[in-house]
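Notes follow once the structure below has been shown.
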Amino acid sequence: MYRGPKMPPSDPATIVRILCKPDLIWAAEVEGRRQTISFEHDTRRAVVNSGDGKALQCRLDCFGDYFINVFLDIGGYQGVGRITGGLSLKEDENGDWILKKHDLELRLEPIQPGDLLAPQPISRVRSPFNNTTWCFFDGKGKLNTVIFGANGTVSDTRAPNEKPEWIPYDDNTARYKIQGKGQKLAFDADKKRLLREDNKVREIWFSGRQPPRLNMTETKQMKDMLADKSQAWFNYDGGKKTTYVFDDKSSNMSIIMDNGTTKTVRWEALCTGCIRIGDEVFMVEGGTLECVEPRMTLKQEPNL
């Protein structure tokens, strides 16, 4: 407990410098099992192993004084497990740092074979991003491109006057900053597309300067799937239901609100697997439509 109505100010840069040490990992022996947590400096990521050998991908948040939170990427803000959740940095009588959670104390130790580590930076030459070009539609349907230059800089059409440095990692991701915001791009399973997603946005990036276009047959197949009379598209937000119904004879869509009011908008196919509904862009992914921004999922269910 801290005295007063506010937490003391934190110094994230100092905390991260303490947590992230080359060739070292935070570890403890608990009931004969080695429990570890590894941090990565630039990405504020962590990998937790609670002793079962499974990697839990987490993110790091800094709060007042030397208090940190390590949250799982899945399950929202609910930290689970013996290590994840709130931890604090303390100094012992020798001036060495301890990472504590209740009775659990983790100390810096040399990395051992088999330890699970957070994503590590790699050389650009080894990276599959090196000297490649990608494009994507933003939330309003504007086509943007990004080029990962062999000289180590990024050309992003969203910030044409900036040339930030891009840093690749060994988990097939790359990161850079534009307009003060971090961008994390990850390859999909077959390395043909890139994905950028968080709680607010979900972008799919296509290889090259132009996205894959639909021919007439593919456009008709997509329309038949979207306008299937036996199915409808639904979104539930805070218990309120919104229904999206595609018209099979036109490019119209009816959006039916929870209170029964209806509005009609136009939709169009932008490219393979990507459509625009009114002013919003969606990715067609199996039985769901994933809104690019703001992030939202429409699920296809029987139209009762």
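Please treat every number below as a calculation from the coordinates, not as lab data. Computed from a predicted structure; not experimentally measured. Cβ: placed from backbone, ideal geometry, glycine included. Neighbour counts: every protein chain shown.
Some notes on this structure:
- Short-range pairs are left out: with C-alpha atoms under 8 Å and at least six residues apart, the relative contact order of segment 79-182 is 17 percent.
- Those aspartates and glutamates that a straight Cα-Cα span of less than 14 Å connects to Lys21, excepting residues fewer than 8 apart in one chain: Glu40, Asp42, Asp96, Glu109
- Distance from segment 127-190 to segment 217-263 (C-alpha centre basis), Å: 33
- Taking Cα atoms only, the orientation of helix 216-226 departs from the longest principal axis of the chain by about 70 degrees.
- Which labelled figure in (1) 5, 22, 24, 22, 17, 8, 1, 0; (2) 6, 28, 36, 23, 6, 0; (3) 6, 26, 31, 18, 8, 5, 4, 2, 0 is P(r) over Cα pairs in 10 Å bins from 0, in percent, once derived from the coordinates: (1)
- Highest to lowest packing among 140-149, 108-117, scored as the average C-beta count within 10 Å: 140-149, 108-117
- Relative contact order [Cα under 8 Å, 6+ residues apart], segment 216-302, whole percent: 21
- The HN-Hα couplings worked out from phi for segment 254-259 by the Karplus form 6.51 cos²θ - 1.76 cosθ + 1.60 (θ = phi - 60°) are 9, 10, 9, 6, 4, 8 Hz, whole numbers, x standing for Gly and Pro.
- Expected 222 nm ellipticity per residue - DSSP helices of 4 or more, -39500 (n - 2.57), all of the chain, to 500: -2000 deg cm²/dmol
- Contact order relative to length of the chain, as percent, for alpha carbon pairs under 8 angstrom and 6 or more apart: 11
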